[in-house]
Amino acid sequence: MIYIIRSDIRRAVFSKGFLVGVLGLLLVIALSSVKDTVTILSNGGSIPDGYHLQIILTALNSDSVTLAVPILCSFSFTTAFVDDIKSGFIKQYLPRSGMNPYVFSKLIACFLSGGLTLSIGMLLSYTVSIAVFLPMEPVIKIGNISEALLIIFIQKVGIFFFSGALWALIGFTLASAALNRYLAYSSSFIIYYLLIIIYERYFDKLYFLYPKEWLNPSHPWLFGSLGLILFLSALILVVSFIFIIIARRRLKHD
């Protein structure tokens, strides 16, 4: 069981799709930060304390980042089950691994790859921001604004991790249900965008079903950020249960 899980995690995290997702988020955050940075520098203003964090947090709230999330987290592992079925690999591998270990290893790898795509992308962006902007900021003092922003950023990393895991699993599950690789890349974004339209046009009171709220909460959540993470975890469990049912039926049929 442990060997199977490790194998799938390596397959996900060391894939080209995972690298594309991480670098894609880095690029989107950088492009979303260009305008504010150029404005400050062109006006001759000094870089304020904590700017290396504030510029990242501002970018994470932008439409560019929020709309890219369900796409970027789907590149690494969402086609794995479909690929195994269509290539015939599953017929040779399943007798050695067993059905339950195979299914759960796929779930764990997809969960981790979707979440890590976003969290590592954020941490990489933060590292680049430190290297570029921190030397231009005032000398950091204990208890200043940077520490408060760092706490917010850490919370964001956790929220984005679980959001990425959820959207990766949604694409993974729908692709597995239809045995269609293209759904792995597109279905999460389609559902994401439909939920945005439904909320913004018809049901603006149901903020807990608003995907942008899952990334940048603006409404009160029980237990704050932890409450949001628990809500996302509940959705992840539901989607995972659906995948287990679909996968077991597919594997028994094949």
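The values are calculated or read from the model by the stated rules, or taken from the named source; none is laboratory data. What you are looking at is a predicted structure, and each value in this text was computed from that prediction instead of being measured. So basically every Cβ, Gly included, is an ideal-geometry build from the backbone, and we count neighbours across all protein chains shown.
Things to note:
Matching residues to (1) under 26 Å from V38 (Cα atoms); (2) modelled with pLDDT of 90 or more; (3) touching a Ser or Thr at 6+ places or on another chain (Cβ under 9 Å):
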| site | (1), (2), (3) |
| --- | --- |
| A109 | no, yes, yes |
| L112 | no, yes, no |
| G115 | no, yes, yes |
| L123 | yes, yes, no |
| V128 | yes, yes, no |
| A131 | yes, no, no |
| M136 | yes, no, yes |
| V139 | yes, no, no |
| I142 | no, no, no |
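- In region 199-254, the qualifying residues are those that are without any contact (Cβ under 8 Å) to a residue 24 or more places away in the chain and hydroxyl-bearing (S, T, Y), and the one that is farthest from V157 (Cα to Cα) is Y202.
- Residues in region 200-217 that are farther than 30 Å from F18 by Cβ and not acidic (D, E): 6 in all.
- Residues within region 203-232 that are under 21 Å from S119 (Cα atoms) and exposed (fewer than 15 other Cβ atoms within 10 Å of the Cβ), tallied: 5
- Taken together, L226, L222 contain a single residue that is among the aliphatic types (A, V, I, L, M) and assigned to a loop (DSSP other than H, G, I, E, B), which is L222.
- Residue count for region 147-173, restricted to those that are without any contact (Cβ under 8 Å) to a residue 40 or more places away in the chain and under 11 Å from the mean Cα position of the chain (by Cα): 1
- Positions within region 83-130 being of a type in the set (G, A, S) and assigned to a helix (DSSP H, G or I), in sequence order: S87, S97, S105, A109, S113, G114, G115, S119, G121, S125, S129
- Qualifying residue in region 235-243 (condition: of a type in the set (F, W, Y) and in a helix (DSSP H, G or I)): yes
- Test: residue in region 193-206 that is of a type in the set (A, V, I, L, M, F, W, C) and either under 21 Å from S76 (Cβ atoms) or in contact with a strand residue (DSSP E or B) (Cβ under 8 Å, 6 or more places away or on another chain) (or both): no
- Among the residues of region 49-82, those identified as in a helix (DSSP H, G or I), under 14 Å from the mean Cα position of the chain (by Cα) and not small (G, A, S) are L60, V65, T66, L67, V69, P70, I71, L72.
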